[in-house]
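Written below as C-alpha cells is the structure these notes are about.
The values are calculated or read from the model by the stated rules, or taken from the named source; none is laboratory data. Because the structure is predicted, anything quoted here is derived from the model rather than measured. Heads up, the Cβs are rebuilt from the backbone with ideal geometry, glycines too, and the neighbour counts pull from every protein chain shown. Only protein heavy atoms, including side chains, enter the accessible area calculation; ligands, DNA and RNA are left aside. Shrake-Rupley method; radii C 1.70, N 1.55, O 1.52, S 1.80 Å.
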Amino acid sequence: ARRYRVHPDAPRRELERRPLAELLPGFTGRLRRVVAELAASGVDALRIGPIISTLADRLARRLFEEACAAHGMELDRMVWMVHGSEGRQEQILPTDQDNALAWQPAGADPEGAVAKRVEGVARQVVDGLLVAGYPACPGGYMATHWHDPLPGWIRRFEHWIAEPREEDGVDIHTFLDLRAVAGRLD
C-alpha cells in the first residue's frame, strides 16, 4: 500500500469536522498537495478532476448552507451552481471561481428585502471561497453578479436559444455547463 504524505481523504475529513474559520485559510494549498500526491502515485488526471471538484463542491455546499442560515434564506428556495471546469468536474488544480445563484421568489418583494438577502448569501459564499484560495473570476462570472430569480434564468436561457446573438456568445458558453451543488431548488 502506498503511503501518502498528504492523504487524499484529509480535505474531506477537514470539511466535515473543522470550523470554517480554521478550514478556509490554505484550503486550496492543501488541495494542490493532494493533487501532487495523487499524480505521483499514478492516478490518472481524468480521475483526479472529479475528486478535486467533489471537495470544492463540499466546501461550497458548507459555505452556502451557513450563508443561507445567516441571511434567513430557505434552502428549498435556492440553488448554488458552478460552471466552467468545476461544472464539468474537470478541476485538476483549484482555479478561479465560476458560480451562480438562482432563487425562487415567494411573492411580492416590494422593498427588495429578499433580493438583498440573496445578495448577502452570494457575497458571503464568494468571500468564503476567496479566503479558501479560489480567486475571483476575471470575467465576473460569479454569484455576486449572477444571482437572479429562477424565472429570470429561464427567460435568459429561452432568449439565448430562441434568439442567439453574437454578443451573448460568451455568456451562453459560460453557462452551458451549469451544475447544482447546494440548495434544493430544482
Helices (runs of 4 or more DSSP H) within region 38-135 that include 1 or more residues under 23 Å from A10 (Cβ atoms) and at pLDDT below 90: 45-70, 84-87
Residue pairs meeting the criteria (Cβ under 6 Å; at least 6 apart or on separate chains; first within 18 Å of A36 (Cα to Cα), in region 1-20; second modelled with pLDDT of 85 or more and of a type in the set (D, E, K, R)): Y4/E37; V6/R33; V6/E37; P11/R30
Condition broken by I48, with the remaining ones in (1) open to solvent by less than 10 Å² (accessible area, probe 1.4 Å); (2) touching a Phe, Trp or Tyr at 6+ places or on another chain (Cβ under 9 Å); (3) touching a residue at least 40 places away in the same chain (Cβ under 8 Å) satisfied: (2)
Any hit, region 168-184, residues being assigned to a helix (DSSP H, G or I) and touching a Leu at 6+ places or on another chain (Cβ under 8 Å): no
Lone unmet requirement of (1) among the small types (G, A, S); (2) touching a Leu at 6+ places or on another chain (Cβ under 9 Å); (3) open to solvent by 20 Å² or more (accessible area, probe 1.4 Å) for A70: (2)
